[in-house]
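Just so you know, all these numbers are worked out from the coordinates, no wet-lab data involved. All of these numbers come straight from a predicted model, not from anything done at the bench. With ideal geometry, Cβ positions are generated from the backbone for all residues, glycine too; neighbour counts draw on all protein chains shown.
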Amino acid sequence: MPASTAAISDKLGIAARRFDIDVLASCDSTNAVLLSRAEAGAPSGTVIIAEEQTAGRGRRGRQWFASPGDSLTFSLLWRFAPDTAPAGLSLAVGVGVANALLKVGAGNTALKWPNDILKDGRKLGGILVELVPGAPHAAVIGIGINLRLPAGMPEDVRATSTAICAANDVMDQNDVYAAVLLELLATLESFATGGFAAIRPEWMAHHAFQDAAISLLSDFSAPRTGICRGVGSDGALLLEVDGRVERILSGEISLRPA
Ligand code: ATP
């Protein structure tokens, strides 16, 4: 069944009034569309779902592969109170998505700092949080989830990806959209009152690389290798190198098993 505002709202029940959901047949990137709507004053809870995304974005301008019917691609605008610290928001979102995936029967997923959802070591989804220019307490939360692996996905990306459904499974994508929005509502409310510290224990319970040897790759410096000790209450990655724990806050880093 195609994505539909009516179907999702029906499944959201009373929580439907917290969201304003718009399904677009096609757009360049749901984050780009929602960022401009946010700048024009769109309310908190605005959701843009795209059946087709022609220029889906990952971090650092990397491409996110999706195809109509196979991929969930959407963005949610959330406006926080002025005293909310945004640190750790994309990690908090990962917890909400993981909880939703469990509820829709997609099984246990794991989280990779800062923004990937993994299943059996492969990427099932990604998160891209962008702050709205000129409105520092508003965030556009972009999420891509593979319902099935998109047809046009290059072989090298396919080799490290996975999807909710096996090839012939049938699943109503509206169930997944509704579950993710409901879980995000709970997670974002908890984030708004307690910051990432309130969600960190759950994040740690889902952490894919706890106490594992990892490498951190950056475009700007040599790889760093150490033991991954999870994240701090501000969302910083904790990397133990020669017995000392370093805090890494930059999101411009890719984590790999060493
Ligand atoms: P990495 O996962 O390599 O650490 P990253 O977290 O920095 O990368 P993101 O910007 O989050 O990467 O996502 C973009 C990358 O994810 C792409 O470069 C590609 O390797 C991979 N990718 C793109 N589309 C998908 C998809 N639908 N499913 C899984 N992985 C994808």
Point to revise | Helix 30-39 vs. the chain, principal-axis angle (Cα, 0 to 90°, nearest 10) | key: 80 degrees
**Study point:** Nitroxide proxy distance, nm - points 7 Å out along Cα→Cβ at A258 and A192
**Key:** 4.2 nm
Point to revise | the chain - share of DSSP beta bridges that are antiparallel (%, nearest 5) | key: 85 percent
Study note, to complete from the structure: Among V97, V47, V241, the residue with the largest mean-square fluctuation in a Gaussian network model of the chain built from Cα contacts under 10 Å is V241
Review point. Within straight cross-link reach of K103, meaning Cα distance under 13 Å, which aspartates and glutamates are found once same-chain residues fewer than 8 apart are removed?
Key: D175, E183
Exercise for review: Sticking with the crude label model, points 7 Å out along Cα→Cβ, report the distance from R17 to E52 in nm, one decimal please.
Suggested key: 3.8 nm
Review point. Within straight cross-link reach of K112, meaning Cα distance under 19 Å, which lysines are found once same-chain residues fewer than 8 apart are removed?
Key: K123
Revision key, fill the gap. Total charge of the residues flanking G195 in space, meaning their Cβ is under 13 Å from its Cβ, with Lys and Arg +1 and Asp and Glu -1, is -2
Exercise for review: Would you mind pulling out the separation of the Cα centroids of the stretch 1-71 and the stretch 213-241, in Å?
Suggested key: 32 Å
Exercise for review: As a check on your grasp of the helix formula, calculate [θ] at 222 nm for the chain: sum -39500 (n - 2.57) over DSSP H runs of n ≥ 4, divide by the residue count, round to the nearest 500.
Suggested key: -7500 deg cm²/dmol
**Study point:** Zone of V245's modelled label, taken as backbone nitrogen in the stretch 178-214 under 18 Å from a point 7 Å along Cα→Cβ
**Key:** 196-214
Exercise for review: Extending each Cα 7 Å along its Cβ direction at M1 and R122, get the distance between those two points in nm, one decimal.
Suggested key: 2.8 nm
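Within a 10 angstrom radius of the beta carbon, how do R158, R57 rank from fewest other beta carbons to most?
If I rank by nearby Cβ atoms, fewest first, I get R158, R57.
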Practice item. Would you order V33, V170, V140 from fewest to most other beta-carbon atoms within 10 Å of each residue's own beta-carbon? Key: V170, V33, V140
Practice item. Output the relative contact order of the stretch 209-257, whole-number percent, from Cα pairs under 8 angstrom with separation of 6+ residues. Key: 38 percent
Exercise for review: Could you grab the relative contact order for the chain? Cα pairs under 8 Å, six or more apart, rounded to a whole percent.
Suggested key: 18 percent
